[in-house]
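Report on the following structure.
The values are calculated or read from the model by the stated rules, or taken from the named source; none is laboratory data. Values in this document were obtained by computation on a predicted structure and should not be read as measured data. FYI the Cβ positions are ideal-geometry reconstructions off the backbone, even for glycines, and counts take in every protein chain you see.
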Amino acid sequence: MIKYILFDLDDTLYPTSAGMMQEISERMSAWMITRLGVPADDVDRQRQDYWTRYGTTLRGLYIERQIDPQDFLNFVHDIRIEKYLQADARLDALLARLPQTKVIFTNAPAEYARRVLRVVGVEKHFAEIFDINFIAYQSKPTQSAYDQVIAALPVRAEECLFIDDTARNLAPARKLGMKTVWLDGGNNRHGSDGKASADFIIQTIYEVEKCFTE
């Protein structure tokens, strides 16, 4: 029986079409250009390399450039969330119907995650936020990040359902025994690598209830 649902945050609890992650991505590039002097015409290549080898731009910078991760996180998440998101009554109702304990598992900082949840109007539904600081910058899909989160929960991995919009982030969760949901979003923006690790595939977060009936 599933007792806990672990939700990714960005592009999962709200759609990619909202556009907020585009600004965050642009701010990541701007930080690398202004703080590290990375040539503007090479920043995309470096970020793709970090994403491929380390899972996130931050983790690559932290390991290879020994950056101050808090300075990076504060800069890239200093955005006006209300510009992109608004209260989502449909999501609020959906989360209220789900009897499982709900938590956030994100590569973003908790302060930013709380702001997103407040704007969307669903903060009350989440018992915990496991953020990039909790996992000591061991960002998804690093296996140790999932190990730390599961160790902090009062249930076994087999009693958890994990939802993420990035397919490759599912494999470590499944390795631990969690049921996994790939929120494809219909745009395949993150590629289908890791698709085989998905027990369920949904197009929007509003479909998550079918994972408990199929």
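Here are a few things to note about the model shown:
- Across the stretch 14-56, the qualifying residues are those that are in contact with a Phe, Trp or Tyr (Cβ under 6 Å, 6 or more places away or on another chain) and touching a residue at least 60 places away in the same chain (Cβ under 8 Å), and the one among them that is surrounded by the most Cβ atoms within 10 Å (Cβ to Cβ) is Met20.
- Enumeration of residues in the stretch 177-197 that are modelled with pLDDT under 95 and of a type outside the set (Asp, Glu): Gly185, Gly186, Asn187, Asn188, Arg189, His190, Gly191, Ser192, Gly194, Lys195, Ala196, Ser197
- Selected residue [without any contact (Cβ under 8 Å) to a residue 60 or more places away in the chain and either surrounded by fewer than 19 Cβ atoms within 10 Å (Cβ to Cβ) or assigned by TED's automatic domain parsing to the domain that holds Ser25 (or both)] from Ile79, Ile129: Ile79
- Residue that is of a type in the set (S, T, N, Q) and touching a residue at least 40 places away in the same chain (Cβ under 8 Å), where the choices are Gln100, Gln148: Gln100
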